[in-house]
Amino acid sequence: MLGVGLDLRPQFSAEVPVPLPAGLGWNSEAHPVRITRGIGGFRSETVPRDLVDPAIWSGAAFHVDAASGDDANSGLGAADGDFANAKRTIWAAFVAGNSTEAPYRVIVKPGLYAESDFTRNGNDEPSQPVAVIGWGGEVRYRTGPWQVSWMDQGGTFSTIKSAVSRVFRTDVLTARGHYTELAEVADVAACTATPDSWCDDGGTVHVNIGGAPGPGDIALMRSFHGARFLSHAADLYLENVHCEGGISGALHCDAMASRNVVAVKSSFRYSAPPTPSAAQDAARLRRTSGLLAFFDCDASAGAKDGWNFHEDGVAGMHVLMERCTGFDNGALGATSCNALTSHDAVRMIVLGGGFGHSRNGTEVHCIQQTASFLAGCRAVARDVDGTSVAYKCSFEGVMWLYEAVGDAAGAASNLAIEANSGTVFTRGFQAVAGGVSAASGGSVSPF
C-alpha cells in the first residue's frame, strides 16, 4: 500500500524547451514558435486565434442555422451565438460578410450542411479575412445528401441521385473509425452479384449491402466542391468544421497569397473526384506564403493524399501541425498516395501526429528541398503494393525525426525510414517494424 503523503507526480513533468534544428530554416521572425516537451508530449506554445488578422475577432458576426435559418435574414445577432436572425447557408453568410469590405466571422450552429451549402459549389467564397466557427459543437458538411430513401430492386436498393463519385457505408466503420467504401462496379447486374458494391445507372444509384440501408446508412459523395477556397487570398480560420467529399479536396486552398490559414478541431475526409483519373487529396494547400497551422485536425480517406502541401512557385510556405492525423488515404487506383507530404521548399513542424494505412504510397514523404521537423509522431505503413514505408525523404529534402515511431510491415519490402537521396536525422527513433534504407546518396544518422 502506498504511504500517505508520497509525491506521485511523474518525473520530468515540467515543460522543457525543445530547440529547432539549425538547418530547418524556419522563419522565426515571421512565425515565432516555442516548442516544449512535457508529460503530454510535444507542443508549441501557440494560441491559434492569435495567428490570424485580429480584426476578425472584432468584426461583424454573421450567424448560420441549417435547420431554422433563412438566407433572406441578415444573419446578425444581438450577441455572438444569437441565431434568431440566422441565415441558412454558409455561402450566404460569406456574401453578407464580403459586403462589409472588412474582416468578419461566420458563426455556424452545429448541425448538418449539404451539397452547395458551403461555397455554393465554389461560386461564393470569402473576399475578406474570415473565421468559420462551429458554435459550441460540430458543423458537419457533406458534398452529398445526409439521408435518402431507398427502393428495393430485388438484389439491389436504389435511389435517384446524379453525379455520385464515391459511396460509403456509415453504419460500418474501418478499424480507424472511417466510413467503409463500397466498390464501384460496371452495372446493375454486377452490383447484384457483388456484395458491398455500388453502380450508377444513368443517375440512379444502386447499392448492394446485403439488405435495405437505413435512411442515413449510406453516404453519397457527389461532384460538388468541398471547402474550396481558390480565390480567397486573406487569412482563414476554421474551428469545429468537418468536411466530407469535394471534387478538388475536402479542403482546398489554391490562391496565390501571402496569408495564414488556421484550423482547429476540424476534419477533411473522403475527397471524391469526378473521375478516378483525377483523384485529389483530402486536404490540399498550395501557393501560400505564410503559416498553415492545424491543431487537432484530421485528413483521412482522401482519394489520393491526406495532407498535401505545395509551394508551386510561391516561396515561403511554413506548416505547423499539432496532434493531427491522416489515415486510410488512397483510393480509385490512385498512385503515390501519402498520409502527409510536403514539396518544393516548404518548412514544416509536426508535433505528436499519427499517420498510416495509406494505399500505394508512403505515410510521411518529404520531397525536393523541403525541411521537416517531426517530434513525437507515429507512422504505421501497411501498404501491400510491394513496398511499405513509414517515413521517406527524397531528393534534397531534410527530415529530423525526434522520438518518432516507424512501423512498416505487410509488404515484400518494409522500411521504417527511407532516405532516397534525402537526409534524415534521428534522435530517440523507434523502429517497431521495418528496416532503414539510404540510397542514391541519401543518409540516415543521429543528431
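The values are calculated or read from the model by the stated rules, or taken from the named source; none is laboratory data. All values reported here derive from a predicted model rather than from experimental measurement. Reconstructed Cβ throughout: ideal geometry from the backbone, glycine too, with neighbour counts over all protein chains shown. Each accessible area value is taken on the protein alone, full model and side chains, heavy atoms only, with ligands, DNA and RNA left out. Shrake-Rupley method; radii C 1.70, N 1.55, O 1.52, S 1.80 Å.
Numbers below:
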| quantity | calculated |
| --- | --- |
| Options Gly428, Gly406; residue that is buried (at least 19 other Cβ atoms within 10 Å of the Cβ), among the small types (Gly, Ala, Ser), over 21 Å from Gly25 (Cβ atoms) and out of contact with any His (no Cβ under 8 Å at 6 or more places or on another chain) | Gly406 |
| Filtered residues of the stretch 367-382 (kept if open to solvent by 10 Å² or more (accessible area, probe 1.4 Å), free of Cβ contacts under 8 Å to residues at least 60 places away in the same chain and either more than 16 Å from Ala419 (Cβ to Cβ) or among the β-branched types (Val, Ile, Thr) (or both)) | Ile367, Arg378, Val380, Arg382 |
| Filter result (more than 19 Å from Ser165 (Cβ to Cβ) and open to solvent by less than 10 Å² (accessible area, probe 1.4 Å)) within the stretch 114-132 | Pro126, Val130, Ala131, Val132 |
| Condition check for Thr387: crowded, with 24+ Cβ neighbours inside 10 Å and among the polar types (S, T, N, Q) | no |
| Verdict on Ser388 being among the small types (Gly, Ala, Ser), free of Cβ contacts under 8 Å to residues at least 24 places away in the same chain, over 24 Å from Ser44 (Cα atoms) and part of a strand (DSSP E or B) | no |
| Residue check for Pro32: open to solvent by 70 Å² or more (accessible area, probe 1.4 Å) and not in a loop (DSSP other than H, G, I, E, B) | no |
| Residue within the stretch 307-321 that is within 21 Å of Arg427 (Cα to Cα) and modelled with pLDDT of 95 or more present | yes |
| Matching residues, the stretch 153-202, being open to solvent by 30 Å² or more (accessible area, probe 1.4 Å), farther than 30 Å from Thr325 by Cβ, touching an Asp or Glu at 6+ places or on another chain (Cβ under 9 Å) and of a type in the set (S, T, N, Q) | Ser162 |
| Asp124 vs. criteria of a type in the set (Asp, Glu) and out of contact with any Asp or Glu (no Cβ under 9 Å at 6 or more places or on another chain) | yes |
